[in-house]
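> The structure under discussion is supplied below as structure tokens; questions concerning it will follow.
The values are calculated or read from the model by the stated rules, or taken from the named source; none is laboratory data. The model shown is predicted, which means the values in this text are computed figures rather than measured ones. Positions of Cβ are backbone-derived with ideal geometry, glycine not excepted, and every protein chain shown enters the neighbour counts.
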Amino acid sequence: MADMKTDLLIITALESELKRDVLPAGVEIIYSGLGKINAALASIKAIDQFNPRKIINFGTAGKINPKLEGLLEIGKVIQRDMMAEPLAPRGKTPFCNKPYEYFSSGKHVCGSGDSFVTTTDLWLLEQGVDVVDMELFAIACIASNHQIPWHSYKYITDDANESSANEWQQKVNHGQDLFITQLKQLLS
């Protein structure tokens with residue numbers, strides 16, 4: 001099936017975050033759906049289909065660091081919901097030799113997990129997590145496993161608190177224009 005080829009593949013959870021018709025020509029996008037399992041499955045399938053040279057994840061995020069806003073480039077991602085203590089410290093998968101953190105070119109830290117963060121979590125603060133999402137760890141893991149460079153841009157929609165669901169729904173599409181501007185700079 002790997003007959004299509006693309007230099008740049010974008011993986012985004014939902015079409016409401018980034019519409020296909022605003023992308024520059026030659027850029028492919030797939031929509032993974034929410035969560036790490038959906039993101040992992042979609043990433044594997046997309047790599048097989050498109051054989052990309054680079055993967056970019058764009059999506060929305062809740063902020064843990066109150067000083068941040070807008071579009072952020074992620075430099076490190078960890079898994080915030082791997083909790084297998086005492087077999088391994090939080091964030092690390094026990095009996096697994098894969099990395100527990102993945103790195104890219106940005107400067108911000110993202111914590112991925114299959115939960116919508118609505119309360120303060122001291123562990124996230126201790127790890128220096130700036131934003132939280134539900135897909136990036138899986139995408140970075142799959143990309144790294146296939147030796148494909150990955151980058152991620154997260155648009156902050158909410159404060160990761162009790163108002164997050166409403167804030168996210170109101171702002172889910174607000175990062176699209178900022179990301180397209182960033183993407184055009186990357187492609188030029």
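> Could you check, for segment 162-176, whether at least one of its residues is touching a residue at least 12 places away in the same chain (Cβ under 8 Å), small (Gly, Ala, Ser) and at positive phi?
no
> Here's a follow-up. State all residues of segment 63-76 that are under 16 Å from residue 126 (Cβ atoms) and under 11 Å from the mean Cα position of the chain (by Cα); if no residue qualifies, say none.
76
> Could you tell me whether any residue of segment 38-47 is out of contact with any helix residue (DSSP H, G or I) (no Cβ under 6 Å at 6 or more places or on another chain), crowded, with 17+ Cβ neighbours inside 10 Å and more than 21 Å from residue 153 (Cβ to Cβ)?
Scanning segment 38-47 turns up no residue that is out of contact with any helix residue (DSSP H, G or I) (no Cβ under 6 Å at 6 or more places or on another chain), crowded, with 17+ Cβ neighbours inside 10 Å and more than 21 Å from residue 153 (Cβ to Cβ).
> Looking at segment 38-82, which of its residues are among the aromatic types (Phe, Trp, Tyr) and more than 25 Å from residue 100 (Cβ to Cβ)?
Answer for segment 38-82, where residues must be among the aromatic types (Phe, Trp, Tyr) and more than 25 Å from residue 100 (Cβ to Cβ): just 50.
> Among the residues of segment 118-144, what is the count of those that are modelled with pLDDT of 95 or more and among the polar types (S, T, N, Q)?
Final tally of qualifying residues: 2.
> Can you confirm whether residue 29 is surrounded by 23 or more Cβ atoms within 10 Å (Cβ to Cβ) and part of a strand (DSSP E or B)? First the steps, then the outcome.
On the way: surrounded by 23 or more Cβ atoms within 10 Å (Cβ to Cβ): no; part of a strand (DSSP E or B): yes.
In short, no.
> Sort out which residues of segment 66-83 are part of a strand (DSSP E or B) and touching a residue at least 60 places away in the same chain (Cβ under 8 Å), and write them in order of number.
Of the residues in segment 66-83, the ones part of a strand (DSSP E or B) are 71-79.
Across segment 66-83, the qualifying residues are 71, 72, 73, 74, 77.
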